[in-house]
Amino acid sequence: MKWLGLLGLVAFSECMVIIPLRQMKTMRETLRERNLLTNFSEEHPYNLSQKAANDQNIIYHHPLRSYKDFSYIGNINIGTPPQEFQVLFDTGSSSLWVPSIYCQSSSCYKHNSFVPCNSSTFKATNKIFNTNYTATSIKGYLVYDTVRIGNLVSVAQPFGLSLKEFGFDDVPFDGILGLGYPRRTITGANPIFDNLWKQGVISEPVFAFYLSSQKENGSVVMFGGVNRAYYKGELNWVPVSQVGSWHINIDSISMNGTVIACKRGCQALLDTGTAFLRGPRGSVSKIQKLIHARPIDREHVVSCQAIGTLPPAVFTINGIDYPVPAQAYIQSLSGYCFSNFLVRPQRVNESETWILGEVFLRLYFSVFDRGNNRIGLAPAV
């Protein structure tokens, strides 16, 4: 396909869709792999039922596989007949998108791409969307088709087909399936979780993650309820700090009984699409010094022999301590040991905000309850 100035033409067999494209600014050099990555009605509150917490017939378990502890990926199918894609299940974003065969970015040639003409249930639109992540972005257009997550089927699901991608060349997945609250990231697009609930496909507006730290396979995202077999003790419920995202309040972050960050309380996003623990530069720098991490290039290297002597980082949330041991916040890779604490860029005058990624979520089973706008946490088995 040839780009004609600001206008891209995409032909779908007998019909033609005209897609206006605005020129994108050039992005900074893509960070390396370690740096990748309407509200549902409150008028019908419910309590997570005992039935939904135990009955395996009404809870759908969808397998995920770990890619080097950087990403947890699962398969979905789009279209009729189905076309298969590997997607990142991401609580930090809201949009579903996969590459289009009309995408000309280098990353699109490395991943599975959707072929609109091969689906009898496909519906095109002329709506353009842009989605930006920490160091990556995509540009494309909004479409509709049947989307399947295993046995769960969302009919006429809006999603994005990318025409331009920046920073996705080396990722192990084709696209991203956002499980955040609805946002205006794709015009008029309801997230797939909202549609599954509204269409009566799942019994409760709840999903949960068990991210295995032991093996490549064994991780699960479950929809419609909670399986007690994946956690120990009782779930501790934490209200979201602002309806519209999976942010919660943190009381403090401490090591060796001393508060080292979040001294007056702070915010944290529980993000299955982020591998690390990200915080403000000052707080992260203080932690790196405490664990004797030395900056080398863009990483912080720790002595592998010191892991057994370093204290846990304790995140106190809603009055309950959630320790993250050194074996979790330090990662061994190619004979070196790296700190999993990374700096999160902050806006001017923004309050202290952390991102608790997979380092935290591998330790704690997490339940995302849209019906009550809360998150449940318990030690993972």
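Highest mean packing comes first when the peptides 300-307, 91-98, 336-343 are listed by Cβ atoms within 10 Å, giving 91-98, 336-343, 300-307. Scanning residues 5 or more positions from G150 or on other chains, those with amide H under 5 Å from its amide H are N77, with H placed 1.01 Å from N in the peptide plane.
Loop-located trypsin sites (Lys or Arg not before Pro) in region 159-262 (DSSP state not H, G, I, E or B) with no more than 10 neighbouring Cβ atoms inside 10 Å: R184, K215, K232.
At a probe radius of 1.4 angstrom, the accessible area of region 205-345 per residue rounds to 44 square angstrom. Per-peptide packing, taken as the mean over residues of other Cβ atoms within 10 Å, places 128-141, 167-180 in the sequence 167-180, 128-141 from highest down.
In whole angstrom, region 94-154 maps to an equivalent ellipsoid with semi-axes of 20, 15, 13, each derived as √(5λ) from the alpha carbon gyration tensor and ordered largest first. Here the spin labels are modelled as points 7 Å beyond Cα on the Cα-Cβ line, and at I296 and T80 they lie 5.6 nm apart. Full extension of the chain segment joining S106 with S332 gains 78.3 nm, where the gain is 0.36 nm per residue of separation less the Cα-Cα distance.
The values are calculated or read from the model by the stated rules, or taken from the named source; none is laboratory data. Since we're looking at a predicted model, the values are computed, not measured. Methodologically, a virtual Cβ is constructed for each residue, glycine included, from the backbone with ideal geometry; neighbour enumeration extends over all protein chains shown. Just the protein is used for accessible areas: all its heavy atoms, side chains included, with ligands, DNA and RNA removed. Shrake-Rupley method; radii C 1.70, N 1.55, O 1.52, S 1.80 Å.
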